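The values are calculated or read from the model by the stated rules, or taken from the named source; none is laboratory data. In this text the structure is predicted, and so the values were computed from the model without any measurement. Glycine also receives a Cβ, built like all others from the backbone with ideal geometry; neighbour counts cover every protein chain displayed.
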Amino acid sequence: MGGEATAIIEMAGLTKKYGDFTAVDHLDLQIMEGEVFGLLGPNGAGKTTTILMMLGLTEPTAGRVRVAGYDSTRKPLDVKRIVGYLPDNVGFYDDLTARENLRYTASLNGLPSAESRRRIPDLLEKVGLAEAANQKVGSFSRGMRQRLGIADALVKGPKLVVLDEPTLGIDPEGVRHVLELISTMSHSEGITVLISSHLLHQVQQTCDRVGIFVKGRLVAVGPIQTLSQQLMDSDSKVLELQAEPLTTELKDDIRQIKGVDGMQESGGMLLITCQEDVRRQIADRVMKAGAALQHFRMRGFSLEDIYMKYFREA
Amino acid sequence: MSGLIPVLRKELADHFSGRRFMILFALICVAGLSATYVAAQSIRGDISGDRESGFVFLKLFTASNGVLPPFVSFISFLGPLIGLALGFDAINSEQSRGTLSRVLSQPIYRDAVINGKFLAAVITIGLMLLSIGLLLGGLGLRMIGVPPTLEEVLRLISFMALSVVYVAFWMSLSVLFSIVFKQTATSALAGMAIWIFATFFFPMLAGVAADGLVPTNQDTPVEVILQHEQLRQMLSRMSPSTLYQEATVAILTPGIRTLGPIMLEQTRGMLPNPLSWSQSMLVAWPHVIGLVALTLICFAISYVKFMRQEIRAT
């Protein structure tokens, strides 16, 4: 992404209310062409609602979405022509084969049958379902369905692909396969990808940028590194320490260090709250006391922690 | 009309390759063949005596020996079953399988889905009834050896068209239920409940209501009895089954001049000759319009509900 990248999705003041409940609250977000964007948030945060509004399947209460310049509410057909969508809990016609299911999607997109005959085997090959092409989808595993869903989203030759919970409920091997597919389609074909998920650690390596979405609001946007940096700077740190023996003198000693705010013991671990990174000083004290250092880690560097932090804050 | 043709084609393929269609077709074939066989047997028995009344071919469909009801009655109580079976899971099964959101994220108008489904079901009903009609006509021709006159052919075609409308009414009612109820079992049960109520209980209830509103006994003047009878008939005509039964009687029995109560003095001086096709149609016309209107009302409600429905997989 350079400065010249143009936004393919623009949301401005996007709001959706169901009665008194606000599912999406004044969302402003731009997604650039060619990037892989992760929309992260817990269940019920309004991710799917946002996607449905983007596709013109649900009308926003206020605000607007534009996809590649088309207003999703006014011109849903133009939007759907260029957007491939993998719904959450994707479903196929169980009594049709994988190939027939894709052919139906192709026909709904108005693809000539010669074109779809050429494109479908390629896609099935790409998602690793070439052997299962003539098998009924009813016999497919969850992972196979998810991959077929990706092929289905790609049938129309989209500019943008929206994947709603693509890794949910599939085994680690399946997750790896799906994520590889996403990377490939982004890098080799230049397709913009929007992934919605509540499983941060699964999609983090694939996303260029993420947006953290909680209770209908976007609480943070940016590359994951930037987000964690922001969090580190703004907040006090927590150090986890396990040492043997952990004497009272040693604890008092640590408390004396400048920058340490307090400490508490939990689960056999000493949790030290501090303003700055005092790991070196603490390690020194432990050594000096002649104790064996068993575990020492700064909390908040793990992505899981960032994620939890944002979720709790909102 | 974007998307209508692919949806229509897929739905037709589904209907004709489905087990449900096979079962229904087998059921109606067995019923029709046995009814026609019995009718032909009884016609063969007294054909000489019955010569002057004519319309022997029509009797194939209306005559019975008292053991087995005629084909017309079979259609009037099996027709709803066919209609309900073709529509009860039209929308809700797609929703619960998660195929609906995938289909609607393709560049098609939303009404293409419901129009396609409705049209496909009507075509299926039409082909089913037409083929069974031709089959029975052929069998009857072999057995009694009396070819139908043009008049009879016209009447049979009208009867078939009316039957298609009647079955289509039940189909559109069940499509409506498939939109209103999220569970396929609930919508099937609701459809059956209405069917049994309209076909079996409603005529009885109409009698009870008429007895209550206009009580009669042996000494009641003829005007009151007439009023009672008219009220009963008006009430029972609120049931589509009654409408259909009365209309088929008028169409297939050329001797019938009116569907309402008739006084003996009104028949004085009347020539007992049959009505022409167009005159019989005139007698049945209000009923036909009533059935068409009911079908369209159901379809219209389904259409509006479907267009406004929130599309979510869960």
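When the criteria are applied in full, B:Arg102 fails the requirement of being closer than 25 Å to A:Leu148 by Cβ, surrounded by fewer than 21 Cβ atoms within 10 Å (Cβ to Cβ) and out of contact with any Ser or Thr (no Cβ under 7 Å at 6 or more places or on another chain). Suppose the filter is within 29 Å of the chain's Cα centre (by Cα), among the small types (Gly, Ala, Ser) and either in the same structural domain as A:Asp78 (by TED's automatic domain parsing) or farther than 17 Å from A:Ser196 by Cα (or both); does A:Ala114 pass it? Here the answer is no, as A:Ala114 does not meet what is asked. Restricting attention to the range A:58-91, the residues that are surrounded by fewer than 24 Cβ atoms within 10 Å (Cβ to Cβ), under 24 Å from A:Cys207 (Cβ atoms) and within 10 Å of chain B (Cβ to nearest Cβ) total 3. With respect to B:Thr258, determine if the residue is polar (S, T, N, Q) and not in a helix (DSSP H, G or I). Yes.
Here's the yes/no breakdown for (1) within 14 Å of chain A (Cβ to nearest Cβ); (2) loosely packed, with under 12 Cβ neighbours inside 10 Å; (3) not β-branched (Val, Ile, Thr):
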| residue | (1), (2), (3) |
| --- | --- |
| B:Ser241 | no, no, yes |
| B:Ala250 | no, no, yes |
| B:Thr258 | no, yes, no |
| B:Met263 | no, yes, yes |
| B:Leu271 | no, yes, yes |
| B:Trp277 | no, no, yes |
| B:Gly290 | no, no, yes |
| B:Ile301 | no, no, no |
| B:Glu310 | yes, yes, yes |
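Does B:Val153 meet the test of being within 20 Å of B:Phe25 (Cβ to Cβ) and in a helix (DSSP H, G or I)? No: the conditions fail for B:Val153.
Within the range B:86-99, can you find the residues that are buried (at least 20 other Cβ atoms within 10 Å of the Cβ), in contact (Cβ under 8 Å) with a residue 60 or more places away in the chain and assigned to a helix (DSSP H, G or I)? Passing the criteria: B:Leu86, B:Gly87, B:Asn92, B:Gln95.
When the residues of the range B:105-117 are filtered to those that are closer than 17 Å to B:Met171 by Cα and of a type in the set (Val, Ile, Thr), the one that is surrounded by the most Cβ atoms within 10 Å (Cβ to Cβ) is B:Val113. Can you spot a residue in the range B:105-120 that is among the small types (Gly, Ala, Ser), within 10 Å of chain A (Cβ to nearest Cβ) and at positive phi? No, that holds for no residue. For the range A:105-119, filtered to residues that are within 12 Å of chain B (Cβ to nearest Cβ), in a helix (DSSP H, G or I) and among the hydrophobic types (A, V, I, L, M, F, W, C), the residue that is nearest to B:Pro107 (Cα to Cα) is A:Leu108. Restricting to the range B:262-311, name every residue that is out of contact with any Leu (no Cβ under 6 Å at 6 or more places or on another chain) and polar (S, T, N, Q). Selection gives B:Gln266, B:Thr267, B:Asn273, B:Ser276, B:Ser278, B:Gln279, B:Ser280, B:Thr295, B:Gln309. A:Asp122 meets the conditions (1) outside any strand (DSSP E or B); (2) closer than 30 Å to A:Thr6 by Cβ; (3) touching a helix residue (DSSP H, G or I) at 6+ places or on another chain (Cβ under 9 Å) in every case but one. The failed one is (3). For A:Leu102, the stated conditions hold: it is within 13 Å of chain B (Cβ to nearest Cβ) and either hydrophobic (A, V, I, L, M, F, W, C) or part of a helix (DSSP H, G or I) (or both).
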